[in-house]
Each structure stands twice: as C-alpha cells, then as structure tokens.
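The values are calculated or read from the model by the stated rules, or taken from the named source; none is laboratory data. Model, not experiment: these values are computed from the prediction. Backbone-built Cβ (ideal geometry, glycine too); neighbour counts: all protein chains shown. The accessibility values were calculated without ligands, DNA or RNA, using every heavy atom of the protein model including side chains. Shrake-Rupley method; radii C 1.70, N 1.55, O 1.52, S 1.80 Å.
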Amino acid sequence: MFARRLSSLFKGSSTSSSDKAVKVGTLGSFGRKAVSFVLITVTGGVALSALDDLSIYRGCSSKAMEKVMNSKAMIEAIGEPIEKGPWYNASLAVSHQRHSVSCSFPVIGPQGTGILHLKAVRNGEDSMFGFLQQRDWDILIMDALVHVPSNEGPQQTLRINVSNIVDPSPGTDDSPGTDDKPSVPREPEKS
C-alpha cells in the first residue's frame, strides 16, 4: 500500500483531469502531514527545553537552600524553618551552553521574607539526556535581600551574603567583609 502511494506521488505521466485532481489531493495530504510533523517536533522541543530549565532550577535552588539552612544570619533574620517560595516567582537565566546560571527566588520564614540571588556553574559533562539526571552545581555568589517587619516603624531591609566568599569591605585596609552577617543600608548623611 505504501509503495503504491509512493509510486503514484512520483509519477508524472497523468493526463486526465481526474488523475490531476487525485494528484493534487495527494500533494495536499502530504503537505498537511508535513505541517503536522513540524508542529509536533517544535512542541516536543519546547517541552524538552522547559523540562531542562525546571531541572536546572530545582538543582540550583536545592543547593542554595542547603546553604541558607546553615546560615546563622539568615536564621536570625527571618527565623526557622526557612522555606522556598513559589516557583512562579522565580527567575532563571541560563548561558554558556547551560554551564552557568543566574537565578533568583523567594524564601519565606516566620519572621520575614526575602529573595535569594545566586550565580552558579555546573560541574560535569553534557549528555544527550542530561535533563533526566541531577546536575552538580557550584554556587559562586549568593546574596539575600531580606525584609523583616518591625513593630517600631517601617520594615527593615537587610542584605545578607550567604556565599562562602569573603569580600574586602569598601573603604578599609583589605579587612574581611561581613561574610554571613546582615548589613543594614546606611542612611544618607544630612548636611
């Protein structure tokens, strides 16, 4: 059956009008099948890309939450237990052939809320079905912007460095920064 249709598709010696109508119908059917195939392929590609992004987000955010759970400053600021906020409030930017990622997502504690911002790189090699396996991520930079409500005035906003990197504080003689400690934004000087 398939061979008969294939041979009729490539036959070019039909002269009657009824044969031409059958040939046009066959070509129209082939065109519809080709369009359907392309649409299904594109839809599958988009779905696989979304699954890969979800896998990247889950890997990075779970690694970040491990660090947040061990951060004394975060626990002091928003309390325990600290939970990851809703995934739909997160943002993810992937670059360099999915080897580096920039991610931000909300965290919630009993005393306040915050947003974690992180940059991470992936360890390991690419594979054809890499989205199916858990990846190992190294977090390079991770900061939290924490909002703590206050009974005595406006809510307090703290920036907490959660990463293990110690940065020199600006304006000092290369003294270690306030790693893993909250820093309160300075008030402008009045003149």
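Structural remarks
- Beta carbons closer than 9 Å, at least 6 apart along the sequence or on distinct chains, pair a first residue in segment 83-104 that is closer than 22 Å to L145 by Cα and part of a loop (DSSP other than H, G, I, E, B) with a second that is aliphatic (A, V, I, L, M) and at pLDDT 90 or above for G85/V107; G85/I108; G85/I115.
- Residues of segment 82-123 classified as at pLDDT below 90, surrounded by 13 or more Cβ atoms within 10 Å (Cβ to Cβ) and hydroxyl-bearing (S, T, Y), total: 1
- The listed residues are V46, V42, V38, V68, and the only one of them that is open to solvent by 90 Å² or more (accessible area, probe 1.4 Å) and either farther than 25 Å from N123 by Cβ or in a helix (DSSP H, G or I) (or both) turns out to be V46.
- Those residues of segment 105-119 which are part of a strand (DSSP E or B) and either among the β-branched types (V, I, T) or more than 18 Å from K67 (Cβ to Cβ) (or both), in sequence order: V107, I108, T113, I115
- For segment 30-57, filtered to residues that are of a type in the set (F, W, Y) and at pLDDT below 90, the residue that is nearest to Y88 (Cα to Cα) is Y57.
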